[in-house]
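The values are calculated or read from the model by the stated rules, or taken from the named source; none is laboratory data. This structure is a prediction, so every number in the text was calculated from the model and none was measured. In this analysis, Cβ positions are derived from the backbone assuming ideal geometry, glycine residues included, and neighbour counts consider all displayed protein chains. Note: areas computed on protein heavy atoms with side chains; ligands, DNA, RNA excluded. Shrake-Rupley method; radii C 1.70, N 1.55, O 1.52, S 1.80 Å.
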Amino acid sequence: MAKRILIVDDHAPTRALIRSILEAEKSDTFESVEAGTGMECLMAADSKGPFNLILLDVTLPDMDGFEVCTAIRRVDKQVPIVFVTAKGELRDFAAGREAGGDSYLVKPIARASLRSMVALFTNVNRPGAREAPKPSDSK
C-alpha cells in the first residue's frame, strides 16, 4: 500500500525534487499530494487526508509553516510533520518544535537525509494514528 505524503513548498522545483526522490525509492511506494501555500496545505490536509507524513516548508507566501503546523495540530496530533526549510538556526528549530513539528531538515536537501527521515516517520506506528486510505478509497 502506498504511503501518502503531503509536500508543502511554494517553490515548484523543490516539490518536484522531493517527489522525484520519493519516486526513486525502491523499498516503499509513495503517493504524493502537493501544496504551494499554507492555505492549500490546510485544505489538502482536510479534504485529501489522512497522510502518513507532511513535509512542510517554513517560508510560504500566505502564512509561515509554523502557523500551518499549529493549525494542523489542533485537529490532528498524530500525523508526523517534518519541516524542510532553508531556515537552519537553532531558534527556527525550537520554533518548529513549539509549533508541533516532529523534525527538521535544512535545505539544500540531501537525498539520503530526506529518504532516511521519510522512512523513519512513515514506518513508525503512533498510538491513535489514523490509517491513510487504500488507493481505492481515495477521493
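Of all residues assigned to the stretch 43-56, none qualifies as being assigned to a helix (DSSP H, G or I) and among the aromatic types (Phe, Trp, Tyr). Inside the stretch 23-42, residues that are among the small types (Gly, Ala, Ser), under 18 Å from Arg111 (Cβ atoms) and part of a loop (DSSP other than H, G, I, E, B) make up a count of 2.
Among the residues of the stretch 76-90, those identified as over 14 Å from the mean Cα position of the chain (by Cα) and either crowded, with 18+ Cβ neighbours inside 10 Å or touching a residue at least 24 places away in the same chain (Cβ under 8 Å) (or both) are Ala86, Lys87.
Of the residues in the stretch 72-90, at least one is assigned to a loop (DSSP other than H, G, I, E, B), of a type in the set (A, V, I, L, M, F, W, C) and either closer than 25 Å to Ala2 by Cα or modelled with pLDDT under 95 (or both).
Going by the conditions given, is Phe93 touching a strand residue (DSSP E or B) at 6+ places or on another chain (Cβ under 9 Å), of a type outside the set (Val, Ile, Thr) and touching a residue at least 12 places away in the same chain (Cβ under 8 Å)? Judged against the criteria, Phe93 is not a match. For Met43, the conditions (1) modelled with pLDDT of 95 or more; (2) open to solvent by less than 50 Å² (accessible area, probe 1.4 Å) are fulfilled apart from (2). Taken residue by residue, the stretch 3-22 has no member that is modelled with pLDDT of 95 or more, farther than 15 Å from Ile109 by Cα and assigned to a helix (DSSP H, G or I).
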